[in-house]
Amino acid sequence: MLVLGIDTSCDDTSAALIEATERKTAIVSNIVSGQTEIHTKYGGIVPELASRRHVEMIWPVVSEALGQRKLDDIDAVAVCYGPGLIGSLLVGCAFAKAMCYPRDIPFIGINHLEGHLLSAFLDGQEPEFPFLSLIVSGGHTCLYRVDGYMQYKELGRTRDDAAGEAYDKVSKLMGLGYPGGPEIDRLSKEGDPKAIDFPRAYLPETLDFSFSGLKTAVRLTLEKDPSLRVPDVAASFQASVVDVLVRKTEWAIKKTRIRRVSLSGGVAANSALREKMSAMAKERDVTLYLPPAYLCTDNAAMIALAGYHRLAAGERSGLDLNPKAYLPL
Ligand code: KG4
Ligand code: ZN
């Protein structure tokens, strides 16, 4: 089955083609057009500007993803319909519907989180069920137990900021660029992670997360001592985020006795998190599925793959499908 995936949930316009069978998935194309240059001067995403840019980019991006193929070659279209910025989601959904309606192409709406969760299957790996899935992105930090395709149980989630949101807000506090994650990741390599002992919100009674206290701690520390070395603050902040994510994953492994873990979402591109999670997995003899960074951040191949599984199970969406800013998995 040749599936076209479309994702416009946030500030990346993306389209991808995947060739999928029950046994194998191959990415034919995976095009992502970012908008960093538009939003960076505001220190965060401006939703109205994001939607306008999606309108400009959706056709060029889809057309590049299609390459030599024609619409008639496509077996189905999968589009992300939430959660995300409503104006951005509307562009992808309206475009997908307009493509499918005249040719009666099967069409399916996909939850963005299901895409991230399945990205572990995109680089030739075949994670064995059940496994634990930690999704760490700009909008979400959640831990799932995955018993099969479409069988997800939430074990924990952030009670306030997502991990990526904390990176972006702390980056802004430090006068660094947007998105903050890659910038802090880079600067941390020149800093001492032990320079400042930032708090770690382990919330020992649950598998939930919390990052807003850490963000406040960084702000108060910077106000108290503006002479601190920026790389030291970055590295110490990052050490706190990474420690919490790794430790809570360890707890989930102990609690569920599931010894397979996948890591995805934009923050999964972080070098320290990848290193520490890999070391923990090695030490505990746990299998870690860690997609390459370009499959951890937003992309439409993950949406196409989730679409394939839902279509193969007989699901279809109607053309009355509406995007949803809030959409639990
Ligand atoms: O998954 P994603 O591309 O979009 C959402 O669904 O939110 O994640 C974007 C988030 C941003 O907050 C960005 O700062 C963060 O991922 N991010 C990183 C890194 N690369 C992207 N955070 C830490 N280290 C990185 N290398
Ligand atoms: Zn995402």
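The table below gives the values:
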read-out: Dipole in debye (nearest 20) - the chain, about Cα centre, beta carbon charges: Lys, Arg +1; Asp, Glu -1; value: 640 debye
read-out: Anisotropy class of the stretch 1-92 from Cα gyration tensor, a/c 1.5 cut; value: prolate
read-out: ³J(HN,Hα), Karplus 6.51/-1.76/1.60, whole Hz, each residue of the stretch 274-283, x for Gly, Pro; value: 4, 5, 5, 5, 5, 5, 4, 4, 5, 4
read-out: Value of relative contact order over the chain, rounded to a whole percent, pairs C-alpha under 8 Å and six or more apart; value: 25 percent
read-out: Signed unit charges on C-beta, dipole axis of the stretch 73-188, positive-most listed residue VAL91, PRO127, ILE74; value: VAL91
read-out: Taking N as its residue count, the alpha carbon Rg of the chain over 2.2 N^0.38 Å; value: 0.99
read-out: Longest segment of the chain lacking GluC sites (Glu not before Pro) that sit in a DSSP loop with at most 16 other Cβ atoms within 10 Å; value: 206-314
read-out: The chain, accessible area per residue, ligands and nucleic acids excluded (1.4 Å, Å²); value: 44 Å²
read-out: Three-way shape label, the stretch 59-187, alpha-carbon gyration tensor, a/c 1.5; value: oblate
read-out: Placed amide H near ARG159: partners under 5 Å, 5+ positions off or other chain; value: PHE209, SER210, PHE211
read-out: Fraction of accessible area attributable to carbon and sulfur, the chain (%, probe 1.4 Å); value: 51 percent
read-out: Low-density loop cleavage sites - trypsin sites (Lys or Arg not before Pro) in the stretch 48-157, where at most 12 other Cβ are within 10 Å (DSSP); value: LYS70
read-out: Eligible aspartates and glutamates near LYS194 by straight Cα distance, threshold 16 Å, same-chain separation 8 or greater; value: ASP185, ASP232, ASP243
read-out: Span from the the stretch 22-71 Cα centroid across to the the stretch 179-210 one, whole angstrom; value: 30 Å
read-out: Inter-part distance where the stretch 77-132 and the stretch 227-255 are each reduced to a Cα centre, Å; value: 31 Å
read-out: Share antiparallel - DSSP beta bridges, the chain, percent rounded to 5; value: 60 percent
read-out: The stretch 65-89 residues near the modelled LEU321 label - backbone nitrogen below 14 Å, point 7 Å along Cα→Cβ; value: 75-83, 89
read-out: Under 26 Å from the Cα of LYS255 - lysines, other chains or at least 8 residues apart; value: LYS153, LYS276, LYS282
read-out: Computed [θ] at 222 nm, deg cm²/dmol, the chain (DSSP H ≥ 4; -39,500 (n - 2.57); rounded to nearest 500); value: -13000 deg cm²/dmol
read-out: FRET efficiency, ARG52 to ALA312 (Cβ-Cβ, R0 35 Å, nearest 0.05); value: 0.45
read-out: Simple Cβ-charge dipole of the stretch 1-151, Lys/Arg +1 and Asp/Glu -1, about Cα centre, in debye nearest 20; value: 280 debye
read-out: Candidates per trypsin sites (Lys or Arg not before Pro) in the stretch 268-305, loop by DSSP, up to 12 other Cβ within 10 Å; value: none
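The values are calculated or read from the model by the stated rules, or taken from the named source; none is laboratory data. Everything quoted here is computed from the prediction, not taken from an experiment. Please note: Cβ atoms are built from the backbone with ideal geometry, for glycine as well, and neighbour counts cover all protein chains shown. Just the protein is used for accessible areas: all its heavy atoms, side chains included, with ligands, DNA and RNA removed. Shrake-Rupley method; radii C 1.70, N 1.55, O 1.52, S 1.80 Å.
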